[in-house]
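The values are calculated or read from the model by the stated rules, or taken from the named source; none is laboratory data. The model shown is predicted, which means the values in this text are computed figures rather than measured ones. Cβ atoms come from the backbone with ideal geometry, glycine included; neighbour counts cover every protein chain shown. Side chains are part of the model used for accessible areas, which takes the heavy atoms of the whole protein and leaves out ligands, DNA and RNA. Shrake-Rupley method; radii C 1.70, N 1.55, O 1.52, S 1.80 Å.
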Amino acid sequence: MAANNRRMSGKKGAQVGSGGQRRKGLEGKGPTPPAEMRKGHKKNRIATAKTKQAARRPAVRGRGGKSTSELVVGRNPVVEALREGVPASTLYVQQFIDNDERVREALQLAAERGGINLMEAPRPELDRMTNGLNHQGLVLQVPPYEYAHPEDLADAAADEGEDPLIVALDGVTDPRNLGAVVRSVSAFGGHGVVVPERRSAGMTAGAWKTSAGTAARTPVARATNLTRALEAYKKAGITVVGLAADGEVELSDLQALDGPVVIVVGSEGKGLSRLVGETCDHRVRIAMPGGAESLNAGVAAGIVLYEAARRRA
C-alpha cells in the first residue's frame with residue numbers, strides 16, 4: 001500500500017483546482033505584432049540598426065533648407081496622422097502597452113505604408129522623448145521637411161511651359177492655414193507656396209494633415225527674406241499681387257492674373273507687412289457684400305486662385 005501511495009504521489013498533473021488560470025492561458029492575446037517589433041527577429045534588428053544610423057547621420061540641407069524633426073504624441077493624433085499620409089520615419093510603441101483598437105490601427109497603417117520603423121521603447125524613454133507629455137504609449141516621428149528655394153517654383157512652371165502661379169504667405173503663423181493654402185494651390189494648378197524663414201508657419205504635421213495629402217506634390221519654398229524673394233520674382237517678369245482689405249484694385253478688375261503672378265496673402269489680423277505691401281505691384285481687395293472685415297488666409301488664397309484658374313482655362 002505504501003508503494004502504491006508513492007507511485008500516486010509522483011503522478012504528474014495539477015493536484016488542486018487551477019482557479020481558471022489554465023483557461024486564461026488559452027485565451028487569445030490579439031494579433032501577432034509585426035516582425036519589426038518582435039525582439040530577436042531579423043527585421044527587428046534591421047529596423048533598430050537603421051534607426052541608430054539615421055540618428056547619427058548628419059542632415060543634408062537643400063537649397064531651401066530643412067525644418068527640424070517633429071513628434072506626434074498620443075493615440076488619436078498618431079492614428080489621424082497616419083490616416084492622412086503625414087510623412088513618418090519611426091513609430092515608437094511603449095513596451096507592454098494596452099493593445100486597444102487605436103494601437104492596432106496605428107501598427108497596421110504603419111506596416112501597410114512601409115518605410116516606417118517600428119520601435120518598442122520603455123515608458124521612461126517615451127516620457128523623456130516627449131518632455132513628459134501624455135503620449136499614451138504612441139509616438140510618431142515626422143522627418144524634417146525639405147523646403148524648395150523660391151526660384152525652384154518659377155523654374156518648375158517654365159519646365160511645364162506655363163506661367164507661374166505662386167502664393168506667398170506674409171505673417172501667417174497657423175500651420176492649418178498653410179496646409180489649406182497648399183491644398184488650394186494644388187487644386188487650382190498652382191506651382192507652389194513661399195513662406196518666410198522666420199515668424200511663419202512651417203510644414204508641420206498639422207499643415208500636412210490640413211493639406212489632405214496634396215503637400216506630397218505641391219512644393220513649399222522657404223525664403224530667408226520674403227521682400228527680397230518678391231523683388232527677385234519681379235525682376236524675372238512675374239507680377240506681385242498683394243491682398244489687402246483697402247486695396248486699390250478689385251479682384252474682378254485685375255488683369256495680371258492672366259499671366260505670371262505671385263499672390264501675397266497676409267495674416268488675418270494684421271494683413272500685409274509694410275515692406276511687403278510696398279513691394280507689391282498691385283494691392284487687391286476681394287469684394288465681400290456680407291460685410292466681413294477680413295477672410296481667413298486659406299479662404300482668401302482659394303478665391304484668388306480660383307479666379308486665376310478660371311481665366312487661364
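Points worth noting:
- Selection count, segment 121-145, where residues are on the phi < 0 side of the Ramachandran plot and open to solvent by 70 Å² or more (accessible area, probe 1.4 Å): 5
- Filter pass, GLN141 being among the polar types (S, T, N, Q) and either touching a His at 6+ places or on another chain (Cβ under 9 Å) or closer than 20 Å to ALA207 by Cβ (or both): yes
- Considering (1) over 23 Å from LEU243 (Cβ atoms); (2) open to solvent by 10 Å² or more (accessible area, probe 1.4 Å), the lone condition that VAL103 does not fulfil carries the number (2).
- Scanning segment 99-120 for residues that are closer than 11 Å to LEU138 by Cα and without any contact (Cβ under 8 Å) to a residue 60 or more places away in the chain yields a total of 3.
- Of the strands (runs of 3 or more DSSP E) lying entirely inside segment 114-175, those carrying at least 1 residues that are closer than 14 Å to ALA221 by Cα and in contact with a strand residue (DSSP E or B) (Cβ under 6 Å, 6 or more places away or on another chain) are 165-170.
- Search result, residues across segment 176-192 that are out of contact with any strand residue (DSSP E or B) (no Cβ under 9 Å at 6 or more places or on another chain) and not small (Gly, Ala, Ser): ARG176, ARG183
- If you check ASP163, ASP155 for being open to solvent by 50 Å² or more (accessible area, probe 1.4 Å), touching a Gly at 6+ places or on another chain (Cβ under 6 Å) and not polar (S, T, N, Q), only one passes: ASP163.
- Residues in segment 291-307 that are open to solvent by less than 40 Å² (accessible area, probe 1.4 Å) and in contact with an Asp or Glu (Cβ under 8 Å, 6 or more places away or on another chain): ALA297 alone.
- Residues of segment 58-87 that turn out to be within 22 Å of GLY132 (Cβ to Cβ), assigned to a loop (DSSP other than H, G, I, E, B) and either at pLDDT 90 or above or in contact with a helix residue (DSSP H, G or I) (Cβ under 6 Å, 6 or more places away or on another chain) (or both), as a count: 1
Rundown of residues vs (1) of a type in the set (Gly, Ala, Ser); (2) touching a residue at least 24 places away in the same chain (Cβ under 8 Å); (3) out of contact with any Gly (no Cβ under 8 Å at 6 or more places or on another chain), yes/no style:
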site	(1), (2), (3)
ALA221	yes, yes, no
GLN255	no, no, yes
GLY259	yes, yes, yes
SER273	yes, yes, no
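- Filtered residues of segment 276-290 (kept if of a type in the set (A, V, I, L, M), open to solvent by 40 Å² or more (accessible area, probe 1.4 Å) and out of contact with any Ser or Thr (no Cβ under 8 Å at 6 or more places or on another chain)): MET288
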